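The values are calculated or read from the model by the stated rules, or taken from the named source; none is laboratory data. Here the structure is a predicted model, which means the values were calculated and not measured. FYI the Cβ positions are ideal-geometry reconstructions off the backbone, even for glycines, and counts take in every protein chain you see.
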2 protein chains.
Amino acid sequence: MVGVRKFKIAAIQVGPIARAAKREEVVERLRGLLEEAAEKNATLAVFPELTLTTFFPKWLIDTQEEVDSYFEKGDITKGPCKPLFDLAKHRGIGFYLGYAELTEDGHHFNTSILVDNRGEVVHKYRKVHLPGFVEPIADVPFQQLEKRYFEYGDLGFEAVRTNPEWIDATVGMLICNDRRWPEAWRSYSLQGMDLMLIGYNSVANAVGLFGDKENKTLRQYHSDLSVQSNAYFNSCYAVSVGKCGNEEGQNLLAGSLIVDPTGRTMVQSEIEDDDVMVREIDLDETIVGKQKMFDFARHRRPECYTRLTEQKGAVALPPYSEKK
Amino acid sequence: MVGVRKFKIAAIQVGPIARAAKREEVVERLRGLLEEAAEKNATLAVFPELTLTTFFPKWLIDTQEEVDSYFEKGDITKGPCKPLFDLAKHRGIGFYLGYAELTEDGHHFNTSILVDNRGEVVHKYRKVHLPGFVEPIADVPFQQLEKRYFEYGDLGFEAVRTNPEWIDATVGMLICNDRRWPEAWRSYSLQGMDLMLIGYNSVANAVGLFGDKENKTLRQYHSDLSVQSNAYFNSCYAVSVGKCGNEEGQNLLAGSLIVDPTGRTMVQSEIEDDDVMVREIDLDETIVGKQKMFDFARHRRPECYTRLTEQKGAVALPPYSEKK
């Protein structure tokens, strides 16, 4: 059997979600967007990070009870998100969905799942590169407290092969800040990954937290650059999708995009609201890069990369001293 | 003593060098360009890869004697390149120079050196990521035989701290294809590298070798993207300089550039010939990225990156099988 290598993929950008929004309302909105993707003949759609709620790590939240209210408990296919899984099965459209996961045994993760065309969860990823802080920063309009509300993902970077009758892909999943870390991409492409799916909530004006010189234009550039370059370095398609717009006073980046294996943008959203963009991709287009410029077996030199795994932080060289 | 963190740096792009060009003529040309950089008050200048000769790996060369004629033997500071070292000392301008190195004991490397403002060699790098092939490919107008003529660099990625009275930098050096490998950049930035120097000879139309869809525009995009993205991911300045133009019938990329620690191009050559571009850089501008978004000690997760050093080539996942 020859698998499905050429198919249509949807980037589903989502506009702001209010703090008070009910989960059922959000899911109904997402269901409509997924329906639109299916109408456009997409067989896989990508939603953002933490798609079901407002981006709550911007606040220092008083009670664990309120924190937990932003999380999904139990079997996600059976709760308020059930309409998404039903539609996936009914229309034969799989999806990537980011959400806050509270496990049965009380662990909190920033998670994404891959759902196939039968509406079944076929893979899960938990965000490894949590940005931000554990403790709040004084005198900033918004916090970035992901390190407070989430635990580090415990599933590593495990790619997954999909049912070739649906799509014949080796899929990697990342979440938001992960996309800026080449180690994450490479960990997947060393498993033959040819399609990377990414959701994000990226602040457009990170006042006080990441340096005051970063305006929206620069942060969009960084978001695009991270995906374009790593798609090129790893010869894969990448779909990177944001929750965007003015969300409870905080501006989130839009600019969701689909990038080809040469690192070029195929399509990018030009609005700051819900947006369903569909493009046909052909995973065989990833092969030339994997066999030529980025044939890892011929060209990588892992014996020279030992610092990458033996060190975590940078270790400055000793000060200069005269050698001669 | 407070070191020199703010200074002027020169990207010295070099036009084609003929096969028949005498070494003394080339050096005299380079000396003039270095003089021009000094006139523009640069204290460090960057020359391309294999600056002293034509890019000979494009040919299958019959005899080892001819191959060796493209290499520098013995102490490079004393041979035909001596005028460059003399000028460095006289004008107080250091430089990065790429050349083919034949060691006393007969090893062949694609090498770059860092020379300080006293005209002394303070560091050496030997290219790790040799592209191309050992054996020639049939029916292509030009070969890429770096894997035939050079041995893999045996010095790893060792950054160097420079004399702070000249420039107070932690310098990394890469050569050409190395710039496309994030592992190389990260190996340096884990040592606190804040200034990356790169020389290249990159084919503008790699007919038959790297896929026929890669035209000059795309290859320039890849060259730029590699430097911009990795400068951003590692919060360093980067100077990437090519030997360019129509060299013995082969078109080499121009577009030499200086990139800031946010990944933005400060200046890029618009000609395909000798070009001396000077910009002031302030290494303190690298600090915010290293302390915020890319504070490795807080944000990297090396326990998840083990594939990067345990594996060389990609290992495809087993074919899909029904799990449920």
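Quick one: which strands (runs of 3 or more DSSP E) lie wholly within region A:218-258 and hold at least 1 residues that are more than 20 Å from A:Ala45 (Cα to Cα) and in contact with a helix residue (DSSP H, G or I) (Cβ under 9 Å, 6 or more places away or on another chain)?
By residue number, A:245-247, A:250-252.
Using the structure shown, decide if A:Thr262 is assigned to a loop (DSSP other than H, G, I, E, B), at pLDDT 95 or above and either of a type in the set (Ser, Thr, Tyr) or touching a Gly at 6+ places or on another chain (Cβ under 6 Å) (or both).
Criteria met by A:Thr262.
Please work out which one of (1) in contact with a strand residue (DSSP E or B) (Cβ under 7 Å, 6 or more places away or on another chain); (2) at positive phi is the condition B:Ser256 fails and give its number.
Exception for B:Ser256: condition (2).
Would you pick out the residues in region B:71-99 that are basic (Lys, Arg) and either within 19 Å of the chain's Cα centre (by Cα) or over 15 Å from B:Arg118 (Cβ atoms) (or both)? Break it down into steps so the answer makes sense when it comes.
Step one: list which residues in region B:71-99 are basic (Lys, Arg), which gives B:73, B:78, B:82, B:89, B:91.
Passing the criteria: B:Lys73, B:Lys78.
Report yes if B:Val115 is farther than 26 Å from A:Tyr305 by Cβ and surrounded by 23 or more Cβ atoms within 10 Å (Cβ to Cβ), otherwise no. Spell out the reasoning first.
Working: farther than 26 Å from A:Tyr305 by Cβ: yes; surrounded by 23 or more Cβ atoms within 10 Å (Cβ to Cβ): yes.
So B:Val115 fits the description; yes.
Within region A:243-275, track down each residue that is buried (at least 22 other Cβ atoms within 10 Å of the Cβ) and in contact with an Asp or Glu (Cβ under 6 Å, 6 or more places away or on another chain).
Matches in region A:243-275: A:Cys244, A:Ala254, A:Pro261.
Can you report the number of residues in region A:162-197 which are closer than 19 Å to A:Ala254 by Cβ and either more than 10 Å from chain B (Cβ to nearest Cβ) or basic (Lys, Arg) (or both)?
6
Quick one: which of A:Arg161, A:Arg126 is under 27 Å from A:Pro261 (Cα atoms) and without any contact (Cβ under 8 Å) to a residue 12 or more places away in the chain?
A:Arg161 is the lone residue from the list that is under 27 Å from A:Pro261 (Cα atoms) and without any contact (Cβ under 8 Å) to a residue 12 or more places away in the chain.
Being of a type in the set (Gly, Ala, Ser), buried (at least 19 other Cβ atoms within 10 Å of the Cβ) and at pLDDT 95 or above, is that true of even one residue in region A:280-290?
As a first pass, look at region A:280-290 and keep what is of a type in the set (Gly, Ala, Ser): A:289.
Then drop every residue that is not buried (at least 19 other Cβ atoms within 10 Å of the Cβ), which leaves A:289.
Narrowing further to those that are at pLDDT 95 or above: A:289.
Yes, that holds for at least one residue.
In region B:129-172, what residues are outside any loop (DSSP other than H, G, I, E, B) and under 23 Å from A:Arg298 (Cβ atoms)? Please lay out each step first, then the result.
Just the residues of region B:129-172 that are outside any loop (DSSP other than H, G, I, E, B), to begin with: B:146-149, B:160-161, B:170-172.
Scanning region B:129-172 gives B:Glu146, B:Lys147, B:Arg148, B:Tyr149.
Might you let me know whether region B:271-286 holds any residue that is of a type in the set (A, V, I, L, M, F, W, C) and at the interface with chain A (Cβ under 9 Å from one of its Cβ atoms)? Write out each step before concluding.
To start, the set of residues in region B:271-286 that are of a type in the set (A, V, I, L, M, F, W, C) comprises B:271, B:276-278, B:281, B:283.
After this cut, where a residue has to be at the interface with chain A (Cβ under 9 Å from one of its Cβ atoms) as well, the list is none.
Scanning region B:271-286, I find no residue that is of a type in the set (A, V, I, L, M, F, W, C) and at the interface with chain A (Cβ under 9 Å from one of its Cβ atoms), so the answer is no.
Quick check on this structure: which one of A:Tyr221, A:Tyr232 is surrounded by fewer than 24 Cβ atoms within 10 Å (Cβ to Cβ), aromatic (Phe, Trp, Tyr) and in contact with a Lys or Arg (Cβ under 9 Å, 6 or more places away or on another chain)?
Matching residue, one of A:Tyr221, A:Tyr232: A:Tyr221.
Can you work out which of the residues in region B:1-13 that are surrounded by 15 or more Cβ atoms within 10 Å (Cβ to Cβ) and farther than 19 Å from B:Arg91 by Cβ is farthest from the chain's Cα centre (by Cα)?
Going through the qualifying residues, I end up with B:Gly3.
Got a sec? Which of B:Tyr200, B:Tyr152 is more than 7 Å from every other protein chain (Cβ to nearest Cβ), in contact (Cβ under 8 Å) with a residue 24 or more places away in the chain and not basic (Lys, Arg)?
None of the other options fit; the residue is B:Tyr200.
Would you check which residues across region A:134-148 are touching a residue at least 24 places away in the same chain (Cβ under 8 Å) and closer than 21 Å to A:Leu102 by Cβ and list them?
If the condition is that a residue be touching a residue at least 24 places away in the same chain (Cβ under 8 Å) and closer than 21 Å to A:Leu102 by Cβ, then A:Gln143, A:Gln144, A:Leu145, A:Glu146, A:Arg148 are the ones that fit.
Tell me whether region B:186-206 contains one or more residues that are buried (at least 24 other Cβ atoms within 10 Å of the Cβ), within 13 Å of B:Thr111 (Cα to Cα), of a type in the set (A, V, I, L, M) and out of contact with any helix residue (DSSP H, G or I) (no Cβ under 8 Å at 6 or more places or on another chain).
yes
Name every residue in region A:299-323 that is at pLDDT below 95 and more than 7 Å from every other protein chain (Cβ to nearest Cβ), in order of residue number.
Within region A:299-323, A:Ser321, A:Glu322, A:Lys323 qualify.
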